[in-house]
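**Q** Mind having a look at this structure? Questions to follow.
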Amino acid sequence: MPAIRPLLPQPPGTTSRFALFLSGGGTNAEQVLEHLGKLRDMATCAAVAIVTDAPETSRARELGARYGLPVIEHDILAFYLKNGETRVSIATPRGQELRQIWTETLRAKLADIAVDFGVFAGFIPLTNLTAHLPCLNVHPGDLTYRKDGRRWLVGLHTVPIERAILEGLDHLRTSVIQALPYTGVGEDMDNGPILGLSPEVELDLAGADPAELAECLARRPAKRPREGYGDRLDEVAKLNQERLKVGGDWVVLPRVVLDFGAGRFGLGEHDQLHYRIGHKWHPIETVVYGTDDKEVVFAEP
């Protein structure tokens, strides 16, 4: 059998350390911390810091105080404004250059904290911190769903949910991936190994007609307004985003963090994802996590 490269090499008898990254309300991070707290000494990893790009508007300080964790603040909006940009974006070469500088500064802030991996729990900025530190990312879409050979439910904000709605799907799932460096090409935004999927969460159109929602997409401007589109499709997608957070994110993310922290995921030949059961590695597609169980989806021979 080819050698397996653990995504997080974990020496026996050690507890891995991770930092939680958040931009807003921090409910996903809170669920991870609550789950670890219930396990106490049985947890395979430990949170050692909270990182935020929005110190004045996120709940990072509140959660840090509640759980006794240091908070690392690196305000991305203030950074862009200071450097002459009115919008936080990587749509231009200048925006991409600033993001790299911002990321390097963040790396320096993390240098004094010995972390083995990061958890993006509602962390908005795309950052190539992932090139230097294994990072998990929670994503509001089933990344195993493919169209024309590509992962289809990808993108920022509510785009994955809108695509699921317009595809006529009847349910949603949350994915947790190992985030890979972003090159600036849209299709590689959510291209990391799919470590876990949540249970299915029923999609609720809230009485909207599918044809009406498709028309909303056709009428939209080419550039997304800063506050969102504000149409019926946007409204329905945001409703389902909140439902998916509770039934999807809060179920799968804490459990993937535990398995990742225990060194259960690895890559084999041709970057085939593997999962360790006992002392044996198995090629898999992903793992579907429930509140009380999990199903390992083994890869076809």
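**Q** Looking at (1) assigned to a loop (DSSP other than H, G, I, E, B); (2) at pLDDT 95 or above, which is the only condition GLY196 fails?
**A** (1)
**Q** Another one. For LEU133, indicate whether it is part of a loop (DSSP other than H, G, I, E, B) and modelled with pLDDT of 95 or more.
**A** No.
**Q** For segment 260-282, enumerate the residues that are more than 21 Å from CYS45 (Cβ to Cβ) and either touching a helix residue (DSSP H, G or I) at 6+ places or on another chain (Cβ under 9 Å) or in a loop (DSSP other than H, G, I, E, B) (or both).
**A** Once the filter is applied, which keeps residues that are more than 21 Å from CYS45 (Cβ to Cβ) and either touching a helix residue (DSSP H, G or I) at 6+ places or on another chain (Cβ under 9 Å) or in a loop (DSSP other than H, G, I, E, B) (or both), segment 260-282 yields GLY268, GLN272.
**Q** A further question follows. Out of all the residues in segment 212-234, is one or more out of contact with any Gly (no Cβ under 9 Å at 6 or more places or on another chain), crowded, with 18+ Cβ neighbours inside 10 Å and in contact (Cβ under 8 Å) with a residue 60 or more places away in the chain?
**A** Within segment 212-234 (the criterion being out of contact with any Gly (no Cβ under 9 Å at 6 or more places or on another chain), crowded, with 18+ Cβ neighbours inside 10 Å and in contact (Cβ under 8 Å) with a residue 60 or more places away in the chain), the answer is yes, since at least one residue qualifies.
**Q** Find the residue count for segment 64-117, including only residues that are assigned to a helix (DSSP H, G or I), closer than 24 Å to ARG224 by Cα and more than 20 Å from the chain's Cα centre (by Cα).
**A** Residues in segment 64-117 being assigned to a helix (DSSP H, G or I), closer than 24 Å to ARG224 by Cα and more than 20 Å from the chain's Cα centre (by Cα): 12 in total.
**Q** Next up: Quick check on my filter: what residues within segment 65-91 are surrounded by 11 or more Cβ atoms within 10 Å (Cβ to Cβ) and of a type in the set (Ser, Thr, Tyr)?
**A** TYR67, TYR80, SER89
The values are calculated or read from the model by the stated rules, or taken from the named source; none is laboratory data. Just so it is clear, the model here is predicted, and its values are computed rather than measured. Note that we place each Cβ from the backbone using ideal geometry, even for glycine, and neighbour counts take in every protein chain shown.
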